[in-house]
Every structure is written in structure tokens, then in C-alpha cells.
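Pasting a structure below so you can have a look.
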Amino acid sequence: MLLFCSSCGNVLYIEEHTSLRFSCKTCPYVFNINRKVSYRTYPKLKQVDDVIGGSAAWKNVDSTDERCPKCSHPRAFFMQIQTRSADEPMTTFYRCCNPKCCHKWRE
């Protein structure tokens, strides 16, 4: 959390050697802390399907000879997506061609 000085507009810093308070380093402004406020929020992580476009992204993709690690089906659909910076190789995503399995993994 950033607080700014109401008189000069500079960033306020925490003084820990005295009672907890914010103070300005360029002017005598002080903002006392009345109570401790602490909370955390964790962002919800996206599923891999959301990142690569959901189930609609798997329509009209090619298949290759890649064995499924779950059901050992010999073929899998695949697509390549640039998930990192441009100087690194593309990530290959696979989905099992077996309609009963549909296991998804990446290389």
C-alpha cells in the first residue's frame, strides 16, 4: 500500500523505531497508524483450457502419432502455441484421439 504526503505529494515511509506511523522524508507531515490491517487475496489460476482457447480451440486441429500417457491410444490431436517469449520454442499441447479418454497434456 502506498500513501502520499498531503502537503508535498511525496511517498510516505513507515517509521518502525517509534510507534508505527507513516512520515514524509521532505517535510514534517506524519500519519499515525491507528490499527493494523492485514489481508491477502489470491488470484484464481486459469485452467489450461482457458489459456489455449477452451474446447473450441480443438476443432479442426491435426493429429499425429503420439501415444496417450493415460490410455496408450496411438494417436493424439496437437496444436502449438507460443506461451513464452519469442526467442524460446513453442509449446505443443496434445489431446488423446480416443473419444472415451480425451486426456490433455503438453510437451
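Quick one: how many Å² of Ser19 are accessible to a 1.4 Å probe, rounded to 10?
80 Å²
On to the next question. In vacuo Debye scattering of the chain, one point per C-alpha: log10 I(q)/I(0) at q = 0.12, 0.13, 0.17, 0.18 Å⁻¹?
Each listed q corresponds, in turn, to -0.60, -0.62, -0.85, -0.92.
Using a 1.4 angstrom probe and counting only protein chains, how large is the accessible area of Leu45 in Å², to 10?
The accessible area of Leu45 comes to roughly 140 Å².
Here's a follow-up. Which percent of the accessible area of the chain is formed by carbon and sulfur heavy atoms (probe 1.4 angstrom)? Numbers along the way, then the final one.
Numbers: 4460 of 8880 Å².
Its accessible area is 50 percent carbon and sulfur atoms.
Where only protein heavy atoms count, and the probe is 1.4 Å, what is the accessible area per residue for the chain in Å²? Numbers along the way, then the final one.
Details: 8880 Å² over 107 residues.
On a per-residue basis, the chain sits at 83 Å².
Take the Cβ-Cβ distance between Arg84 and Arg40 as r, set R0 to 30 Å, and report the resulting FRET efficiency rounded to the nearest 0.05.
Numbers: r = 28 Å, r/R0 = 0.94.
For Arg84 and Arg40, the calculated efficiency is 0.60.
Between Ala56 and Thr91, how high is the FRET efficiency from 1/(1 + (r/R0)^6) when r is the Cβ-Cβ distance and R₀ = 22 Å? Nearest 0.05. Display every interim value, and only then the final one.
Values: r = 19 Å, r/R0 = 0.86.
The pair Ala56/Thr91 has a calculated efficiency of 0.70.
The values are calculated or read from the model by the stated rules, or taken from the named source; none is laboratory data. These figures come from a predicted structure and were not determined experimentally. A quick note on method: Cβ atoms are made from the backbone with ideal geometry, for glycine too, and the neighbour counts reach across all protein chains shown. For the accessible areas, the whole protein counts, side chains as well, though only heavy atoms, and no ligand, DNA or RNA atoms are used. Shrake-Rupley method; radii C 1.70, N 1.55, O 1.52, S 1.80 Å.
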